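Take a look at the structure below.
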Amino acid sequence: MSCIFCKIVAGEIPSTAIYQDDRVYAFADIGPKAPTHILVVPREHIASISEAGEGHRNLLGHLLFTAAQIARDKGLHGGYRVVINNGSDGGQTVDHLHLHLLGGRALAWPPG
Ligand code: 5GP
Ligand code: ZN
């Protein structure tokens, strides 16, 4: 399998684990864009949010809830942002669905 995040989930590529359970894995982004930059991914390979199907509704909720839980654990009391890039115009560079959890500084709006 050639997907880089599937390899990270499988432990074939090292990563800094932040949280894991039977459905999701969260790890530190290799190129952090904020003091806290964590990626939350499903263990199952889903290429993008636009590829998620009806059967993924609960998993999508679990991914979001996990991001909020991690933010709480990390003490991001000042706020944070959860981002999903989708497709080339959306800036997606890795084709395995992932949520970015960004925090630890004031974030500009709108994104570029
Ligand atoms: P995207 O641009 O697809 O929304 O986000 C991909 C993210 O994955 C980027 O923020 C990038 O820094 C991160 N990333 C890419 N390759 C690796 C890797 O091998 N390990 C980790 N920890 N993060 C990665
Ligand atoms: Zn994958």
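The numbers here are math on the coordinates, done by the rules we state, and not lab data. Note that the coordinates shown come from a computational prediction; the quantities given were computed from them, not determined experimentally.
Structure data summary
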read-out	value
Relative contact order [Cα under 8 Å, 6+ residues apart], the stretch 4-103, whole percent	32
Extension reserve of the residue 93-residue 6 stretch, reckoned as 0.36 nm per residue once the Cα distance is removed	29.9 nm
Helix axis angle, 57-73 relative to the chain longest principal axis, alpha carbon, degrees	40
Descending principal axes extents, the stretch 4-103, alpha-carbon based, whole Å	33, 29, 28
